[in-house]
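Trainee: Structure in structure tokens, see below.
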Amino acid sequence: GRKSKVIFQGTDEKVFTPNNKSNNLKKKYKINGPMLLTVSRLNKRKNISDQLLALKLVTQKFPNTKLLIVGKGGEEQKLKLITKRLKLKDNVIFTGFVSEKELPKLYATADIFLLTSKLEGFGIANCEALASGTPVVTYDTMAAGDFIINGKTGFITNHNYKTFANRILKLLNDKKMLITMSKNARKETEKKYTWDKYTEKN
């Protein structure tokens, strides 16, 4: 059972839970459509620019989609320029760092969590999203398959922003699927935690 410990290390399923959904948060960020979220250092390896390209395609069908980019890093100015160039200023919010109190609310309120890293080992943010009942759409990184069940708790795609956008749209077009995936995400998290607790006892 060592693997389950590694995978969920540092995520607290009592802190990150679907109960943190917050309408105040939506008001604060003026969100009245689909809410996408990424929590990440803003560096080249995280490849956030692909999320912006994907968002451009998503907004053609859902113009009031918002992507919240949480984090700081060297690529921030570049990403802001790309946002401007793609005419996505109304669709992207750079929050910078957020408080530990606000983060669980962001995860739970988001419809979908996004990850477009070129390479990612253990993705703690993915686990926090899943624990919050938020499906994850991610590039196929080294570790993605360790904690996302493709088609059940999220989608794992090849490194192509069009495929990525396609998966986001699939979920936004199908409310029922989005709700099911959201429930699955939390359920799978709980299963893994109980397994974790079980291995600790033995």
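The values are calculated or read from the model by the stated rules, or taken from the named source; none is laboratory data. Bear in mind that the values here come from a model prediction, so they are computed numbers and not experimental data. Quick reminder, even Gly has a Cβ in these numbers, built from the backbone with ideal geometry, and neighbours come from all protein chains shown. Note: areas computed on protein heavy atoms with side chains; ligands, DNA, RNA excluded. Shrake-Rupley method; radii C 1.70, N 1.55, O 1.52, S 1.80 Å.
Trainee: Does any residue in the stretch 81-94 that is within 21 Å of residue 32 (Cα to Cα) come within less than 9 Å, Cβ to Cβ, of a residue that is of a type in the set (Phe, Trp, Tyr) and surrounded by 13 or more Cβ atoms within 10 Å (Cβ to Cβ) six or more places away or on a different chain, and which pairs are these?
Mentor: If the second residue must be of a type in the set (Phe, Trp, Tyr) and surrounded by 13 or more Cβ atoms within 10 Å (Cβ to Cβ), the pairs left are 83/94; 93/29.
Trainee: State the number of residues belonging to the stretch 33-76 that are assigned to a strand (DSSP E or B), within 15 Å of residue 126 (Cβ to Cβ) and open to solvent by 20 Å² or more (accessible area, probe 1.4 Å). Let's see the steps before the verdict.
Mentor: Narrowing the stretch 33-76 to residues assigned to a strand (DSSP E or B): 35-39, 66-70.
If we keep only those that are within 15 Å of residue 126 (Cβ to Cβ) as well, we get 36-39, 70.
In the following step, the residues that additionally are open to solvent by 20 Å² or more (accessible area, probe 1.4 Å) were identified as 39.
The total comes to 1.
Trainee: Only residues that are modelled with pLDDT of 95 or more and part of a loop (DSSP other than H, G, I, E, B): list them for the stretch 81-97, please.
Mentor: Of everything in the stretch 81-97, those that are modelled with pLDDT of 95 or more and part of a loop (DSSP other than H, G, I, E, B) turn out to be 86, 87, 88, 89, 90, 91.
Trainee: Any residue at all in the stretch 159-171 that is of a type outside the set (Gly, Ala, Ser), more than 18 Å from residue 40 (Cβ to Cβ) and either part of a loop (DSSP other than H, G, I, E, B) or at pLDDT below 95 (or both)? Reasoning before the result, please.
Mentor: Here is the first cut: in the stretch 159-171, the residues of a type outside the set (Gly, Ala, Ser) are 159-164, 166-171.
Next cut, more than 18 Å from residue 40 (Cβ to Cβ) only: 160, 162-163, 166-167, 169-171.
From the residues that got through so far, the ones that are either part of a loop (DSSP other than H, G, I, E, B) or at pLDDT below 95 (or both) too are 160.
Checked the stretch 159-171: at least one residue is of a type outside the set (Gly, Ala, Ser), more than 18 Å from residue 40 (Cβ to Cβ) and either part of a loop (DSSP other than H, G, I, E, B) or at pLDDT below 95 (or both).
Trainee: Among what's in the stretch 113-125 and is touching a helix residue (DSSP H, G or I) at 6+ places or on another chain (Cβ under 6 Å) and open to solvent by less than 20 Å² (accessible area, probe 1.4 Å), pick the residue that is farthest from residue 58 (Cα to Cα). First the steps, then the outcome.
Mentor: Our first condition is that a residue be touching a helix residue (DSSP H, G or I) at 6+ places or on another chain (Cβ under 6 Å); within the stretch 113-125, this holds for 113-114, 116-118.
Retained after the next criterion (residues that are open to solvent by less than 20 Å² (accessible area, probe 1.4 Å)): 113-114, 116-117.
On the way: 113: 14, 114: 13, 116: 15, 117: 19 Å.
Filtering first and then ranking leaves 117.
Trainee: Next up: Condition test on residue 105, is it under 26 Å from residue 15 (Cα atoms), of a type in the set (Lys, Arg), in contact with a Ser or Thr (Cβ under 8 Å, 6 or more places away or on another chain) and crowded, with 18+ Cβ neighbours inside 10 Å? Don't jump to the end; show me each part of the working.
Mentor: Details: under 26 Å from residue 15 (Cα atoms): yes; of a type in the set (Lys, Arg): yes; in contact with a Ser or Thr (Cβ under 8 Å, 6 or more places away or on another chain): yes; crowded, with 18+ Cβ neighbours inside 10 Å: yes.
Considered against the rule, which asks whether it is under 26 Å from residue 15 (Cα atoms), of a type in the set (Lys, Arg), in contact with a Ser or Thr (Cβ under 8 Å, 6 or more places away or on another chain) and crowded, with 18+ Cβ neighbours inside 10 Å, residue 105 comes out as yes.
Trainee: Quickly run through the stretch 114-135 and pick out the residues that are modelled with pLDDT of 80 or more and part of a loop (DSSP other than H, G, I, E, B).
Mentor: If the condition is that a residue be modelled with pLDDT of 80 or more and part of a loop (DSSP other than H, G, I, E, B), then 116, 117, 118, 132, 133, 134, 135 are the ones that fit.
Trainee: Can you pull out the residues in the stretch 81-109 that are of a type in the set (Ser, Thr, Tyr) and under 13 Å from residue 42 (Cβ atoms)?
Mentor: Initial filter on the stretch 81-109 (of a type in the set (Ser, Thr, Tyr)): 83, 95, 99, 107, 109.
Result: 83, 95.
Trainee: Can you pull out the residues in the stretch 172-202 that are open to solvent by less than 80 Å² (accessible area, probe 1.4 Å) and at pLDDT 90 or above? Please lay out each step first, then the result.
Mentor: As a first pass, look at the stretch 172-202 and keep what is open to solvent by less than 80 Å² (accessible area, probe 1.4 Å): 172, 174, 177-178, 180-182, 184-186, 188-189, 192-193, 196, 199.
Across the stretch 172-202, the qualifying residues are 172, 174, 177, 178, 180, 181, 182, 184, 185, 186.
Here's the yes/no breakdown for (1) at pLDDT 95 or above; (2) more than 21 Å from residue 182 (Cβ to Cβ):
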| site | (1), (2) |
| --- | --- |
| 2 | no, yes |
| 7 | no, no |
| 14 | no, no |
| 19 | no, no |
| 106 | yes, no |
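Trainee: Restricting to the stretch 15-32, give me the number of residues that are part of a loop (DSSP other than H, G, I, E, B), closer than 22 Å to residue 172 by Cβ and not basic (Lys, Arg).
Mentor: Just the residues of the stretch 15-32 that are part of a loop (DSSP other than H, G, I, E, B), to begin with: 15-17, 21-22, 29-32.
Then keep just the ones that are closer than 22 Å to residue 172 by Cβ; that gives 21-22, 29-32.
With not basic (Lys, Arg) added as a condition, the list becomes 22, 29, 31-32.
Of the residues in the stretch 15-32, 4 are part of a loop (DSSP other than H, G, I, E, B), closer than 22 Å to residue 172 by Cβ and not basic (Lys, Arg).
Trainee: Related question: Quick one: is residue 138 in a strand (DSSP E or B), in contact with a strand residue (DSSP E or B) (Cβ under 8 Å, 6 or more places away or on another chain), among the polar types (S, T, N, Q) and within 15 Å of residue 185 (Cβ to Cβ)?
Mentor: On the way: in a strand (DSSP E or B): yes; in contact with a strand residue (DSSP E or B) (Cβ under 8 Å, 6 or more places away or on another chain): yes; among the polar types (S, T, N, Q): yes; within 15 Å of residue 185 (Cβ to Cβ): yes.
It is true that residue 138 is in a strand (DSSP E or B), in contact with a strand residue (DSSP E or B) (Cβ under 8 Å, 6 or more places away or on another chain), among the polar types (S, T, N, Q) and within 15 Å of residue 185 (Cβ to Cβ).
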